[in-house]
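Trainee: My questions will all concern the structure given below.
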Amino acid sequence: MKNAQATINHTNHSINWFQKFLLVCSGGNIHILRKTPSEWNKFAGIGGIVLFTAIFATLSAAYAMYTIFDDIWASIGFGILWGLMIFNLDRYIVSSIKKTGTWWNQILMSIPRLILATFLGIIISKPLELKIFEKEVNKQLNTIIQRNKTELQKKMSGRILQQSGPFDTEKKQISDKIAQYQKSYDSAAVELEKEILGKQSGLTSGKVGFGTNAKRKQELKEQRRQDLQNYQKQMAPRLEYLDKEISKVYTNLETERKSTETFEDKFNGFAARLQALDELGKNSAIIATAAAFIMGLFICLEISPVLVKLISSVGPYDYLLEKTENDFRLYSKEKTEKGNALTDFRIDDFKDKLK
């Protein structure tokens, strides 16, 4: 029995570089895995899933950063950094699951890891969904931009009416007053013409020629003309001021509108694309279903290493890992007990010497 145990503990099988790389990706202890070749396929599969998850995370983060900063090198750098972080996190999640204890304890230990893996799967899938539906998203973005511009124009029109309203009201009042003076002047001119031509009416004498009545009507006409000209002259500066204020309101709001529309035309960042994708999902059942399947695919990809570790039976690797950890626990306990015993002995010896 001792010879068989020694053979197990000291036999190392050769691993090619690709197998070794996948085993490292799986988060397993490479020294223990060398002694358990029957576990290589399982851990290599887990390592492959972790590796490809990190690759997809890199592509996802790079695309997301490119939509934000529009800088390919910064996007590549951040994507690699994010992929390495996801790679390391996935390795930790998988390696922290141990096939020791009862089945219920293993499930309880796996629940928070599954929740974390699901969350990571959602994060990774979203930018890739945006890339997959890029054409549809761009079309919906244009719809959103036009809708925002229409709403902006309505708001601008309301603000124009609000700000220029008092000026327009006063200008209309002045124009109405000028129209009244003009009407009075026109009426006096008509009556003068009728008086000169001898047309009989309630306000004319009916005599042809420029007589006394015509002279009075000439004076009235001149007075009405003077009133009209005086009022126009009096109100000219005020009308000029009102026109300037109204023009200033239109100019300021037009400048603001152009600036805002320029900003709206650049409404194509990451959050805007997520909004467009969300609206596409609400408007199209096919896109919503496809997006749900893509997200489900990445969630399954992310949680699969945890599930593989959870549903797999206890193997040689788990036994050796438990033995190795137990050896260290026993060694630590032994050193602690020896240290405590030596300390107690020295204290007792010191007390005896004092007596």
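Trainee: May I ask you to verify whether residue 113 is of a type in the set (Lys, Arg) and within 30 Å of residue 317 (Cβ to Cβ)?
Mentor: yes
Trainee: Which of the residues spanning region 20-35 are crowded, with 21+ Cβ neighbours inside 10 Å and either in contact (Cβ under 8 Å) with a residue 60 or more places away in the chain or of a type in the set (Ser, Thr, Tyr) (or both)?
Mentor: 25, 26, 27, 28, 33
Here is a yes/no grid of residues against (1) at pLDDT below 80; (2) within 25 Å of residue 135 (Cα to Cα):
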{"position": "264", "(1), (2)": "yes, yes"}
{"position": "273", "(1), (2)": "no, yes"}
{"position": "299", "(1), (2)": "no, yes"}
{"position": "305", "(1), (2)": "no, no"}
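Trainee: Working only within region 105-144, note down all residues that are open to solvent by less than 60 Å² (accessible area, probe 1.4 Å) and of a type in the set (Phe, Trp, Tyr).
Mentor: 133
Trainee: Here's another thing I want to ask about it. Give me the residue from region 322-352 that is open to solvent by 90 Å² or more (accessible area, probe 1.4 Å) and basic (Lys, Arg) and, out of that set, modelled with the lowest pLDDT.
Mentor: 351
Trainee: Here is a follow-up. In region 290-317, how many are polar (S, T, N, Q), open to solvent by less than 30 Å² (accessible area, probe 1.4 Å) and either more than 15 Å from residue 110 (Cβ to Cβ) or touching a helix residue (DSSP H, G or I) at 6+ places or on another chain (Cβ under 6 Å) (or both)?
Mentor: Here the count works out to 1.
Trainee: For region 66-83, which positions are in contact with a helix residue (DSSP H, G or I) (Cβ under 7 Å, 6 or more places away or on another chain) and either open to solvent by 70 Å² or more (accessible area, probe 1.4 Å) or more than 17 Å from residue 120 (Cα to Cα) (or both)?
Mentor: 66, 67, 68, 69, 72, 74, 75, 76, 78, 80
Trainee: Return the only residue of 93, 97, 115 being in contact with a Ser or Thr (Cβ under 9 Å, 6 or more places away or on another chain) and β-branched (Val, Ile, Thr).
Mentor: 97 is the lone residue from the list that is in contact with a Ser or Thr (Cβ under 9 Å, 6 or more places away or on another chain) and β-branched (Val, Ile, Thr).
Trainee: Based on what the data block shows, is residue 50 surrounded by 14 or more Cβ atoms within 10 Å (Cβ to Cβ), free of Cβ contacts under 8 Å to residues at least 24 places away in the same chain and under 19 Å from residue 305 (Cα atoms)?
Mentor: Spelling it out, it is not the case that residue 50 is surrounded by 14 or more Cβ atoms within 10 Å (Cβ to Cβ), free of Cβ contacts under 8 Å to residues at least 24 places away in the same chain and under 19 Å from residue 305 (Cα atoms).
Trainee: Filtering region 73-121 down to residues that are in a helix (DSSP H, G or I) and charged (D, E, K, R), which residue is farthest from the chain's Cα centre (by Cα)?
Mentor: Out of the qualifying residues, it is 91.
The values are calculated or read from the model by the stated rules, or taken from the named source; none is laboratory data. All of these numbers come straight from a predicted model, not from anything done at the bench. Please note: Cβ atoms are built from the backbone with ideal geometry, for glycine as well, and neighbour counts cover all protein chains shown. What goes into the accessible areas is simple: the full protein's heavy atoms, side chains included, and nothing from ligands, DNA or RNA. Shrake-Rupley method; radii C 1.70, N 1.55, O 1.52, S 1.80 Å.
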